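S.K.: One structure is given below, represented as structure tokens, and several questions about it will come after.
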Amino acid sequence: MSGFLRLESLVKRFDGTEAVDRVTLQLERGELLALLGPSGSGKTTTLRLLAGFETPDEGRVIVDGEDVTRVAPVARRFGMVFQHYALFPHLDVRENIAFGLESLGVHGAELGRRVDRALALVDLAGFGARRIAQLSGGQQQRIALARALAPEPRVLLLDEPLSNLDPALRERTRREIRELIHRVGITTVLVTHEQDEAFELGDRVAVMRDGRLEQVGTPDELYGAPANAFVGGFVGSSSTAEVRVLGPSERGVRIALDAIEWDVDLPPGGARLPAGPALLLVRPEALRLTPPDPLAVPATIVSRRFVGPSAVYAARTDGGAVLEVIAPPQAVPAGARVGLMPSRRAGGGIHLFPLDGR
Amino acid sequence: MSASLRLRPSSLLLLAGLLWLVVYPIVLVLVEGVHDPAGWTLRYVRLFLDRPTEWDALWNSLWISLASVALAALIGIPLAFLFARYDLPGGRLLGGLVALPAVLPPLVGVLAFLFLYGETGFVSLLIQRVFRLSDPPWRLQGAGAILLVHAYSMYVYFYLLVRASLQSLDGSLLEAAASLGAGRVRTLIRVVLPHLAPALGGAALLTFMTSLASFSAPYIFGGGFRVMPTQIVATRLNGDDRLAMVETIALTVLALAALWLFRGSRARDAAAGGRKGAGPARVPVRHRGARLALALAGWTLAGILLLPHLTLLLVSFVPLGTWTTEPLPPAYTARNYLTLVQDPVRVRPLVNSLWLATVATAAAVAIALAGALVAARRRAAGSGLIEALLALPWAVPGTVFAIALATAFSVHAPWAGRVILVGTVWILPLAYLVRNLPLTSRAILAGVRALDPSLDEAAATLGAGRGRTLRRITLPLLRPALVAGASLAFVTAFGDFVTSIMLYTYDTRPISLEILSSLRQSDVGVAAAYGVVLMVVSAAVFAVGAGWGGGGGTG
């Protein structure tokens, strides 16, 4: 196995249940990996295993060829930015950043230079004498980043780094963090439950659920070819319905939804399912609204929400499934009877998964 | 998990130490009450059960405590409502003054009441003069006198807890109730009272336990009226050690039963709870007559509450033997204070109390800090037990601990964890230490719990070891809690009477016992001067604790 940072089938149990269940990951030097999952999925525990706050029950953590599984956090030289930043409130900005450098024995003029360099890195030169309480949320976040980076750690860990910022600030900070991390070139693991955050920041994204890795890949891979309905549903917006697979067709595969048959094409690499019940996962842009039509699935418009220049309509089929469809904002009123058809350019927006598969 | 669940050697040591200090002595009392040199025996239990005086004392303890709760509630709750709800002229100053009885150590409060309402007290003499009575209008003795002192010193619990709870009440809840058509009475019953319930429960428990353990007032004013603590001391002075142990057990059982009945209502919970939203706005009193009446009533009240403090101050300037039947002392002198610093015999108790309290405070803070650091880590093994052990001495009256320590440390049996400390200088600091653990550790534990655990983790990822993290991060951030815990411990130890009277030696006699002996020699001036010293030092330590501990540190 290669890779600068390797997690080898890590297992961590709390009270007998696996919080982290055989997680294996590897990161190249300088890569930014986002761990994405709902709360309770084990992503934070994985991060804490990396930091050394928890010791895995099984498996190893290897960095640069060194097994650090049982190395204490103090000696691990991993930098971390905490969710609530954990800046030391009784120390000023300079003292906060100097704290980790002092652990390395840096002192005197060299200490001053490196603190200044860290401050400049996050664009807060001249803030050294400020008290923590005098900083805005965004500034605190950057100081936390500067403090973690100052001792030049081997790996940077970010725990929900943007969750404490207001939405307007979040987008800008996201870009700044990405730019900064790539400039520094540090291997980084980021934990988040925000899909947008994971997709914009991560070179690759690892989706977790119930302690297990569901899929690891680039944002394009996850969106275009989700490994299962969970990943498909967690990444981007989509809706699901139970369908029957009838068999292969010239375009791809023939399925039946509420007794109406659709001929849909599947993304390349998608699994071919045997005939029988299956779960359909469809993106709003992969469907289109039509007037009631014998070839379209009959449905009633339930609600509408605006997304940019378009609107997403929720339509309940007569069979009871609720599917989301993108269309112009004034297309139909709520309560209207409509038909649902796969869009002609549905390419990549329709996926089929085994029904019992999670 | 396996790693963090393992009991660290340091925790194990702490656990063992606490078991030895807090539980072991009480267990020894329990055992020795039914075991004499001849073997197991129920003789002393039977003796206890057969004597009506024992039952009287037990019953007295119970009803005095219940009556004290009722009286304290009756005074404290209306005051809390008054100051929390109405914007009175000078309300802020008054609101602070109302908490003043808290700075009077129990014995000093009793002393002040004696000078005020005793047979030759100012108020009694004044009334006797005004109405030309041949005898004092009342005798400050028995249950009534005890209840008076209890009501004066304990309503503060109700006042402070209920006021804090009222201030934390979300004002929009009252508005919501009003918008739903609830009148004032219904709002009070359905919204305000349930919110106050934890505070009321906490204050009632605090008052009951303090009252049950109260020793100074029954000792000085009780006369023939005995409650359990005074009964125990009397029995022990008689030399009936094993009977005293059985009495001690009875008192402990009563205390634990009360605690069990009140379980679930903790003063701690009163402070928590809905803090969101602004507190209800104070209602300004507009009517001029009402304002005047309220202001007058408020300042009269403050005067009455301050009277004991002022009396003490006045009496401390009375020369020996000059004040007998006059309503006000005829002569004044600073001699009493000079004696305290010049006469080696008078200086000694001051020095004793200072060093005893300092040693006990330092030890209590150290143990409480170690315990809090372990107990705050929820998943650490034994953390719950350590927290319980630190809190236990609070549930046990001081007399009980005095007897327990006197029992445990009067025998030389190192293999059984017993050495002779009774009669040495070390028994008093040890007793103060054990008694101070609950207050100190509660303050420090609250501080540790309020710390963001990720600060420790941040320090670790930045390469700081445990020592550096403690020195640079944990201790500076805990400073307010440490100072608060230390000042509570110091004040309690400095003014202690109940454990001292059973464990002191001539060389370690503290201020409280010197007050008692001055009083017995009718040297009221010196007794009051000591009282003033206790009062001023207590107030100063509290003030320094609040000022120094409160400023800065937290961000």
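S.K.: Being surrounded by fewer than 17 Cβ atoms within 10 Å (Cβ to Cβ) and either within 12 Å of chain B (Cβ to nearest Cβ) or in a loop (DSSP other than H, G, I, E, B) (or both) narrows it down to one residue among A:R70, A:R48; which is it?
M.R.: Being surrounded by fewer than 17 Cβ atoms within 10 Å (Cβ to Cβ) and either within 12 Å of chain B (Cβ to nearest Cβ) or in a loop (DSSP other than H, G, I, E, B) (or both) holds for just one of A:R70, A:R48, which is A:R70.
S.K.: Another question about this same structure. Pairs only if they're at least six apart or on different chains, beta carbon under 6 angstrom, first in the stretch B:457-474 and facing another protein chain (nearest Cβ under 7 Å), second open to solvent by 30 Å² or more (accessible area, probe 1.4 Å); list them, first residue then second.
M.R.: Final answer for the pair search is B:E457/A:F53; B:A460/A:V74; B:L462/A:S103; B:G463/A:V74; B:G463/A:S103; B:A464/A:S103; B:G465/A:V74.
S.K.: Condition test on A:R344, is it of a type in the set (K, R) and more than 23 Å from A:R251 (Cβ to Cβ)?
M.R.: Against the criterion (of a type in the set (K, R) and more than 23 Å from A:R251 (Cβ to Cβ)), A:R344 does not qualify.
S.K.: Next question. Against the condition open to solvent by 10 Å² or more (accessible area, probe 1.4 Å) and part of a helix (DSSP H, G or I), how does A:R147 come out, does it pass?
M.R.: no
S.K.: Report, by residue number, each residue of the stretch A:103-117 that is open to solvent by 40 Å² or more (accessible area, probe 1.4 Å) and either not assigned by TED's automatic domain parsing to the domain that holds A:R172 or not in a helix (DSSP H, G or I) (or both).
M.R.: Passing the criteria: A:L104, A:G105, A:H107.
S.K.: Continuing with the same structure: Which residue, of B:R286, B:R291, is among the charged types (D, E, K, R), farther than 27 Å from B:T499 by Cα and in a loop (DSSP other than H, G, I, E, B)?
M.R.: B:R286
S.K.: Turning to a different aspect of this structure: So in the stretch A:151-174, with the set limited to residues that are touching a strand residue (DSSP E or B) at 6+ places or on another chain (Cβ under 9 Å), open to solvent by 10 Å² or more (accessible area, probe 1.4 Å) and within 13 Å of another protein chain (Cβ to nearest Cβ), which one is nearest to A:V184 (Cα to Cα)?
M.R.: Selected residue: A:E152.
S.K.: Among the residues of the stretch A:99-117, which ones are touching a Leu at 6+ places or on another chain (Cβ under 6 Å) and among the hydrophobic types (A, V, I, L, M, F, W, C)?
M.R.: Once the filter is applied, which keeps residues that are touching a Leu at 6+ places or on another chain (Cβ under 6 Å) and among the hydrophobic types (A, V, I, L, M, F, W, C), the stretch A:99-117 yields A:F99, A:L101, A:L111.
S.K.: Would you check if A:I143 is at negative phi and facing chain B (nearest Cβ under 10 Å)?
M.R.: Here the answer is no, as A:I143 does not meet what is asked.
S.K.: Would you check which residues across the stretch A:78-107 are under 27 Å from A:T55 (Cα atoms) and facing chain B (nearest Cβ under 7 Å) and list them?
M.R.: Once the filter is applied, which keeps residues that are under 27 Å from A:T55 (Cα atoms) and facing chain B (nearest Cβ under 7 Å), the stretch A:78-107 yields A:F78, A:G79, A:M80, A:F82, A:H84, A:A86, A:F88, A:F99, A:G100, A:S103, A:L104.
S.K.: Quick check on B:F401: is it within 15 Å of the chain's Cα centre (by Cα), open to solvent by less than 50 Å² (accessible area, probe 1.4 Å) and hydrophobic (A, V, I, L, M, F, W, C)?
M.R.: Spelling it out, B:F401 is indeed within 15 Å of the chain's Cα centre (by Cα), open to solvent by less than 50 Å² (accessible area, probe 1.4 Å) and hydrophobic (A, V, I, L, M, F, W, C).
S.K.: Looking at the stretch A:234-288 only, could you name the residues that are open to solvent by less than 40 Å² (accessible area, probe 1.4 Å), outside any strand (DSSP E or B) and in contact with a strand residue (DSSP E or B) (Cβ under 8 Å, 6 or more places away or on another chain)?
M.R.: A:V235, A:S238, A:S249, A:G252, A:L266, A:P267, A:G270, A:R283, A:P284, A:A286
S.K.: Would you call A:G349 open to solvent by less than 10 Å² (accessible area, probe 1.4 Å) and either in contact with an Asp or Glu (Cβ under 8 Å, 6 or more places away or on another chain) or not β-branched (V, I, T) (or both)?
M.R.: Here the answer is yes, as A:G349 does meet what is asked.
A quick yes/no check of all residues on (1) touching a Phe, Trp or Tyr at 6+ places or on another chain (Cβ under 9 Å); (2) buried (at least 20 other Cβ atoms within 10 Å of the Cβ); (3) on the phi > 0 side of the Ramachandran plot:
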position: A:D57; (1), (2), (3): no, no, no
position: A:V63; (1), (2), (3): yes, yes, no
position: A:V74; (1), (2), (3): no, no, no
position: A:H84; (1), (2), (3): no, no, no
position: A:R94; (1), (2), (3): yes, no, no
position: A:L101; (1), (2), (3): no, yes, no
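S.K.: Check the stretch A:7-21 and report whether any residue there is more than 14 Å from every other protein chain (Cβ to nearest Cβ), part of a helix (DSSP H, G or I), of a type outside the set (A, V, I, L, M) and surrounded by 18 or more Cβ atoms within 10 Å (Cβ to Cβ).
M.R.: Within the stretch A:7-21, not a single residue is more than 14 Å from every other protein chain (Cβ to nearest Cβ), part of a helix (DSSP H, G or I), of a type outside the set (A, V, I, L, M) and surrounded by 18 or more Cβ atoms within 10 Å (Cβ to Cβ).
S.K.: Collect the residues in the stretch B:514-530 that are part of a helix (DSSP H, G or I) and either open to solvent by less than 10 Å² (accessible area, probe 1.4 Å) or out of contact with any helix residue (DSSP H, G or I) (no Cβ under 6 Å at 6 or more places or on another chain) (or both), keeping them in residue-number order.
M.R.: B:I515, B:L516, B:S517, B:S518, B:R520, B:G525, B:V526, B:A527, B:A528, B:A529, B:Y530
S.K.: Give the number of residues within the stretch A:187-209 that are in contact with a Gly (Cβ under 7 Å, 6 or more places away or on another chain) and either assigned to a loop (DSSP other than H, G, I, E, B) or among the basic types (K, R) (or both).
M.R.: 3
S.K.: Could you list, in sequence order, the residues of the stretch A:1-44 that are without any contact (Cβ under 8 Å) to a residue 40 or more places away in the chain and touching a Lys or Arg at 6+ places or on another chain (Cβ under 7 Å)?
M.R.: A:Q26
S.K.: Let me ask another. If you check every pair at least six apart or on different chains, which have Cβ atoms under 8 Å apart with a residue in the stretch A:308-325 that is not assigned by TED's automatic domain parsing to the domain that holds A:A336 first and a residue that is modelled with pLDDT of 90 or more second?
M.R.: No pair meets every condition.
S.K.: Here is a follow-up. Among the residues of the stretch B:127-143, is any in a helix (DSSP H, G or I), more than 21 Å from B:L301 (Cβ to Cβ) and within 28 Å of the chain's Cα centre (by Cα)?
M.R.: Yes.
S.K.: From B:L193, B:L166, B:L200, B:L188, which residue is of a type outside the set (S, T, N, Q), at pLDDT 90 or above and surrounded by fewer than 21 Cβ atoms within 10 Å (Cβ to Cβ)?
M.R.: B:L200 is the lone residue from the list that is of a type outside the set (S, T, N, Q), at pLDDT 90 or above and surrounded by fewer than 21 Cβ atoms within 10 Å (Cβ to Cβ).
S.K.: In the stretch B:427-456, what residues are surrounded by fewer than 24 Cβ atoms within 10 Å (Cβ to Cβ) and within 14 Å of chain A (Cβ to nearest Cβ)?
M.R.: Within the stretch B:427-456, B:A450, B:L451, B:D452, B:P453, B:S454, B:L455, B:D456 meet the criteria.
S.K.: Would you be able to say whether some residue in the stretch B:477-484 is within 14 Å of chain A (Cβ to nearest Cβ) and farther than 22 Å from B:T361 by Cβ?
M.R.: No: the stretch B:477-484 contains no residue that is within 14 Å of chain A (Cβ to nearest Cβ) and farther than 22 Å from B:T361 by Cβ.
S.K.: Next up: Only helices (runs of 4 or more DSSP H) wholly contained in the stretch B:439-508 count here; list those with 2 or more residues that are farther than 20 Å from B:A360 by Cβ.
M.R.: B:453-461, B:466-469, B:475-494
S.K.: Hey, another quick one. Is it fair to say A:A120 is in the same structural domain as A:A75 (by TED's automatic domain parsing), surrounded by fewer than 19 Cβ atoms within 10 Å (Cβ to Cβ) and at pLDDT 90 or above?
M.R.: Criteria met by A:A120.
S.K.: Would you tally the residues in the stretch B:83-99 being open to solvent by 30 Å² or more (accessible area, probe 1.4 Å), part of a helix (DSSP H, G or I) and farther than 20 Å from B:L307 by Cβ?
M.R.: Total satisfying the criteria: 2.
The values are calculated or read from the model by the stated rules, or taken from the named source; none is laboratory data. Since the structure is predicted, the reported quantities are computational estimates derived from the model, not experimental observations. Note that we place each Cβ from the backbone using ideal geometry, even for glycine, and neighbour counts take in every protein chain shown. When the accessible area is computed, the model is the full protein with side chains, heavy atoms only, and any ligands, DNA or RNA have been set aside. Shrake-Rupley method; radii C 1.70, N 1.55, O 1.52, S 1.80 Å.
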